[in-house]
1. Once each part is reduced to its C-alpha centroid, what is the distance from the range 112-128 to the range 51-82 in angstrom?
2. Using square roots of five times the C-alpha gyration tensor eigenvalues, list the equivalent-ellipsoid semi-axes of the chain in whole Å, biggest first.
3. Just give me a number: lysine pairs in the chain, eight or more positions apart or cross-chain, with C-alpha atoms less than 24 Å apart.
4. Using just the helices of the chain, give the 222 nm mean residue ellipticity in deg cm²/dmol: DSSP H runs with n ≥ 4 each add -39,500 (n - 2.57), and the total is spread over all residues, rounded to 500.
5. Arranged by the count of other C-beta atoms within 10 angstrom, fewest first, what order do Lys76, Lys102 take?
6. Using alpha carbons only, how many degrees (0 to 90, rounded to 10) separate the axis of helix 2-41 from the longest principal axis of the chain?
7. Could you give the length gained by full extension between Ser135 and Gln4, i.e. 0.36 nm per residue of separation minus their alpha carbon distance, to one decimal place?
8. I need the peptides 83-91, 25-33 ranked by packing, meaning the mean over residues of other C-beta atoms within 10 angstrom, with the highest value on top.
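What follows draws every value from the coordinates through simple rules; no lab data is involved. Source: prediction; values computed, not measured. All Cβ positions, glycine included, derive from the backbone under ideal geometry; neighbour counts span all protein chains shown.
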Amino acid sequence: MKAQLFKKWFLSLFFIALITALILYNFLPYFFESVSLFLSLSAAEVVADQLATLITASSVAPFYIEITYAPSKEIKYDVSAKNRRLEVKPYYNSPVTRDITKYAFYGVNLPDFSFEKVNIFSITKIVENSKSIYSISASSSD
């Protein structure tokens, strides 16, 4: 009697462990891929490089261009620029990640600016009287 009860418990626990292992086998790679993709696309270095590149790329437009860049809905950034040096600091909501400030350089005469806790950027170039006028604005998605 004890042997039969032991077999039933053993088989039950074995099947529960097998089903749990199969679920984790299918779920964990997706979870780690999505977390690594999220952190890599919203990293301060990536945002600084992409924003500086977009600012510089706006100089190619002959008359008017407006570029909107939203790197992440969840993460806010402090962004400032002085003397063509862009500084980006993210604010993660996780104790695992660190808030590290990264720098990048851009190649246009954009006025110095500073934004706090924003995640949507708009770069505008207007040509008036053969002179290019650049501006940047930022906002938060929530």
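1. 7
2. Values: eigenvalues 551, 41, 24 Å².
Here the semi-axes work out to 53, 14, 11 Å.
3. Count of close lysine pairs: 14.
4. On the way: 2 runs with 54 residues, N = 142.
About -13500 deg cm²/dmol.
5. On the way: Lys76 20, Lys102 16.
Neighbour counts put them in this order, fewest first: Lys102, Lys76.
6. 10
7. Values: separation 131, 0.36 × 131 = 47.16 nm, distance 7.81 nm.
Value of the extension gain: 39.3 nm.
8. Numbers: 83-91: 17.6, 25-33: 9.7.
Result, highest mean first: 83-91, 25-33.
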